[in-house]
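The values are calculated or read from the model by the stated rules, or taken from the named source; none is laboratory data. Just so it is clear, the model here is predicted, and its values are computed rather than measured. Glycine also receives a Cβ, built like all others from the backbone with ideal geometry; neighbour counts cover every protein chain displayed.
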Amino acid sequence: MIQLQLEGKTAVVTGATRGIGFEVARSLAKCGAKVACIGTNEEKLSKSVDQINSEGGSAKAYICDVSNAEKVKETAKLILTDFGKVDILVNNAGITRDMLMRRITDEQWNDVIGVNLNGTFYITRAFVESMRKSKWGRIVNISSISGLIGNPGQANYSASKAGVIGFTRTISKELANRNITVNAIAPGFIDTDMTAALSDVLIQGIKDRIPVGRIGKPEDIANAVLFFVSEEASFITGQIMAVDGGMIN
Ligand code: NAD
C-alpha cells in the first residue's frame, strides 16, 4: 500500500460497506485520515467500520442512499457537525442493472443513473463548500472503463459512468483555483461482489483480454486513490486514469 501522512484530514467514502469502497476507506484510515463511511446496509456497514477501527483507524458509519438528494443533505450536515470539515471525497457508490438496451426498463435506467451519476453530484455538491473554505480538497470519482469504451448490456451503466467523466472534467475546472483537484479512476475488471455473479467462463474470457494476466483487486484501485489524494498529485486535475491491467490500451 502507498503510505501517505493524512493525519488531520477528514475523508468521506461512499459505498464503503464492501469491495472497492471498503478498501479505499481502509487505506485512507491506515494513512491517518478520519473516515466517514457511507453505505445503505446498516449491519454490513457497521461491521466494515468496526474492522477499520480494530486495525487502528478512525472511521464512522453513516447510512445514506446517495441517490436521495434530501437524505444526502441531512447526512452531510451530520458528517460536517461530527468532523468539522471534509478534505477528501471519494464517490465510489455504484450499482449495475445490466440488460440489452432495447430491454432496459425505465426503472433499471433511472436506478443506475440515480445512484452512479445523480449520487455523485448530490454528494459532491454537499461537501464542496467545506473544501472551498479550507482552500484545499481532493475529489476522486470512481467511473469505469465501460464509461470510456462502452460495453454491450450496460447502456445505463456506461452512460452513468461517462456522465461521471464529464462531471469530473468540468468541476476540475471550476474548483482548481481553490486547490481542489478532481480526478476519476476507471477500473477495469475488479474482483468484488459486483463481479462475483459472472460465470467462470466469462471471467476467464475477460482475464484473457487483460495484458497483465490477472483480474484486478480492490487494493489496485485504493492505491490509485491514494496517489490522487497525495500532496504530490497537486498539479494533476481533470484526469481519468484507467486502472485495468492494460485492457483498453
Ligand atoms: P460493490 O457492489 O461490491 O459495492 C458497491 C458499494 O456501493 C456497496 O458498498 C453498496 O452498499 C454501495 N451502494 C450501492 N448503492 C448505494 C446507494 N444508493 N447509496 C449508498 N451506497 C450505495 O461494487 P464494487 O465492485 O466495489 O464497485 C465500487 C465502484 O467501482 C462502483 O462505482 C462500480 O461501478 C465501480 N467499478 C467496479 C468495477 C468492478 O469490476 N468491480 C469495475 C469498474 C467500476
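Within region 5-17, take every residue that is in a loop (DSSP other than H, G, I, E, B) and touching a helix residue (DSSP H, G or I) at 6+ places or on another chain (Cβ under 6 Å) and give me the one that is surrounded by the most Cβ atoms within 10 Å (Cβ to Cβ). Can you show your working first?
Residues of region 5-17 that are in a loop (DSSP other than H, G, I, E, B), as a first pass: 5-9, 15-17.
Next cut, touching a helix residue (DSSP H, G or I) at 6+ places or on another chain (Cβ under 6 Å) only: 15-17.
Numbers: Gly15: 27, Ala16: 31, Thr17: 25.
Among those residues, the one meeting the criterion is Ala16.
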Which residues, counting only those in region 206-249, are closer than 22 Å to Thr17 by Cα, touching a strand residue (DSSP E or B) at 6+ places or on another chain (Cβ under 8 Å) and among the acidic types (Asp, Glu)?
Asp220
Considering region 192-214 alone, what residues qualify as being buried (at least 16 other Cβ atoms within 10 Å of the Cβ), at pLDDT 95 or above and touching a helix residue (DSSP H, G or I) at 6+ places or on another chain (Cβ under 9 Å)?
Thr192
Kindly list, by first and then second residue, each pair from a residue in region 71-91 that is closer than 24 Å to Gly114 by Cα to a residue that is basic (Lys, Arg), limited to pairs with Cβ atoms under 7 Å and residues at least 6 apart or on different chains.
Ile88/Lys9; Ile88/Arg138
So the check is Cβ under 6 Å with 6+ separation or different chains; which pairs have a first residue in region 30-42 that's within 14 Å of Lys9 (Cα to Cα) and a second one that's part of a strand (DSSP E or B) and away from the ligand (no atom under 16 Å from the Cβ)?
Lys34/Thr10; Lys34/Ser58
Counting only helices (runs of 4 or more DSSP H) wholly inside region 93-186, the ones holding at least 3 residues that are without any contact (Cβ under 8 Å) to a residue 24 or more places away in the chain and surrounded by fewer than 23 Cβ atoms within 10 Å (Cβ to Cβ) are 106-112, 155-175
What single numbered condition from (1) near the ligand (Cβ under 10 Å from one of its atoms); (2) out of contact with any strand residue (DSSP E or B) (no Cβ under 9 Å at 6 or more places or on another chain); (3) assigned to a loop (DSSP other than H, G, I, E, B); (4) not small (Gly, Ala, Ser) fails to hold for Glu23?
(3)
I'd like to know if region 46-61 contains one or more residues that are within 15 Å of the ligand (Cβ to nearest atom), farther than 14 Å from Phe22 by Cα, free of Cβ contacts under 8 Å to residues at least 12 places away in the same chain and in a helix (DSSP H, G or I).
no
